[in-house]
1. What value in Å³ per residue do you get for the convex hull of the alpha-carbon atoms in region 365-429?
2. Amide H of residue 332: which non-local residues (sequence gap of 5 or more, or other chain) have their own amide H closer than 5 Å, using H built in the peptide plane?
3. Taking the Cα centre of region 200-278 as origin, sum charge times position over the Cβ atoms of Lys and Arg (+1) and Asp and Glu (-1), and report the length of that vector in debye to the nearest 20.
4. Using only the alpha carbon atoms of region 308-396, find the Kirkwood hydrodynamic radius as the inverse mean reciprocal pair distance, in angstroms to one decimal.
5. In debye, nearest 20, what is the charge dipole magnitude of the chain about its Cα centre with +1 on Lys and Arg Cβ and -1 on Asp and Glu Cβ, if you could check?
6. Considering only 320, 339, 275, whose Cα is most displaced toward the positive end of the charge dipole of region 264-397, charges sitting on Cβ of Lys, Arg (+1) and Asp, Glu (-1)?
7. Using a 1.4 angstrom probe and counting only protein chains, how large is the accessible area of residue 140 in Å², to 10?
8. Taking a 23 Å limit on the Cα-Cα distance, which of the listed pairs 34/171; 13/417; 110/237 fall beyond it?
Amino acid sequence: MNIIDNKYLEDIKSWPYKEALKVIDKFGGIKNFKNPTKEYVLFETGYGPSGLPHIGTFGEVVRTTMVRKAFESIIDCPTKLITFSDDLDGLRKVPENVPNRDMLENFLGKPLTSIPDPFEKFESFGHHNNAKLKSFLDKFNFDYDFVSSTDKYKKGDFDSILILILENHQKILDVILPTLRSERQATYSPFLPISEKSGKVLQVKIDEYRPKLGTIIYQDPFDNKKTETKVTGGNCKLQWKVDWAMRWMALGVDYEMCGKDLNESVELGSKICKVLGKKPPVNLIYEMFLDEKGEKISKSVGNGISVDQWLRYASPESLSLYMFQKPKSAKKLFFDIIPKTVDEYLNHLKSYPTLDNIKKFDSPIWHIHQGKEPQYKTEITFNSLINLVSICNTKDKNIVWSFIKQYDPSLDKNLNKNFDALISYSLNYYTDFVEPNKQYLKIKENEKIIFLDILKVLE
């Protein structure tokens, strides 16, 4: 894509460009850029499918895409974006927002792709949540490749790095153990064997590491018998922090961002890469999303707003704007912020053509649309539309349009599909949030004459 004259880069202040330059520096900088051995720069986002995808998952993908597009506008080098699902992970607790919770209780500890789908639609719970992830990412036309942890482990794509980790398990323990409590240190191992007897992902003490044979020995709690198993071929999974580092090395990940709650995992994963002679990716640590109570949004609890809910009341572009704004600052995410964000998006859209060419690269409009922005010329705001719908007390779009045409005759319903969609969003917002809370005053006896007079005039 390579569209920016490099001499102007120091004038661009937007965070996606700052991140893109960090990735470029990893490969020698702009003047001495050296293509990676895999011939493309790899951006990754991760997903833990123990619960349904939530808006934070979307945020990570859209933000990473913004960095990717900024990179492509500077350097002529192929890129890829993968969305990685940690679906071989064992189910630790039953999410609160799924059906058949009693059934899932029987499968605690088993890999997510080995557990029946409580929604009874897919071959497993992991496959169901992966499908949900892909479907809502596809709504936004993201260019990404989906990667399943289960597939990669079982096909042997991670085997070479798993053996490397087995051969260097003591170096990895030296990195991880100082961060653990003493009782956890006694049983911790980088490897989590998957029991052939119970099917569970086991957090057990490893009695012996056998690098030459590619195996470990442990005591299976199912029958308390010593068991030897290969670490390759999907017979073992790695502990989370080691697993993340393994993924970076095996796939050759160059950039990945994550929430502040995983800051320690990033630091330890990077140390593991370095002790094994590998380069960790460039990382951005973003702040967490909070619900209206100021509590962290959780996919297992299901608080906050889902992507589908946002799209009922506002455009995909407005959601992308929300994600663009200050990723390193904690932000509350609840329904009242939607109208405000829509109007901020519209203001940016109107002002974009007036910006000089360099300033456009700092505008969220460039990062949302990459030069293919729609036009928006009317002064009517989204909040005005919501007020208009409320005053009209209607759910009929044609009635709203009749008022709009009186205010701005230049707006044509057939030529302004985006504005027509705004009216639909305002009707939905009115129906769900305004109308249920409307309260009407009772007319007092001495006020009746006023309304009778109005009625007479109307007649």
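The values are calculated or read from the model by the stated rules, or taken from the named source; none is laboratory data. Because the structure is predicted, anything quoted here is derived from the model rather than measured. Here the Cβ is made from the backbone with ideal geometry for all residues, glycine too, and neighbour counts use every protein chain on show. Calculation scope for accessible area: heavy atoms of the full protein, side chains included, ligands and nucleic acids excluded. Shrake-Rupley method; radii C 1.70, N 1.55, O 1.52, S 1.80 Å.
1. Working: hull volume 6.1 nm³, N = 65.
Looking at region 365-429, the number lands at 93 Å³ per residue.
2. Answer set, sorted by chain and number: 290.
3. On the way: 14 positive and 11 negative charges, 47 e Å.
Roughly 220 debye, rounded to the nearest 20.
4. Result for region 308-396 stands at 14.3 Å.
5. Numbers: 66 positive and 63 negative charges, 157 e Å.
Roughly 760 debye, rounded to the nearest 20.
6. Value: 275.
7. Solvent-accessible area, nearest 10 Å²: 40 Å².
8. Numbers: 34/171 31 Å; 13/417 33 Å; 110/237 12 Å.
Violating the 23 Å Cα-Cα cut-off are 34/171; 13/417.
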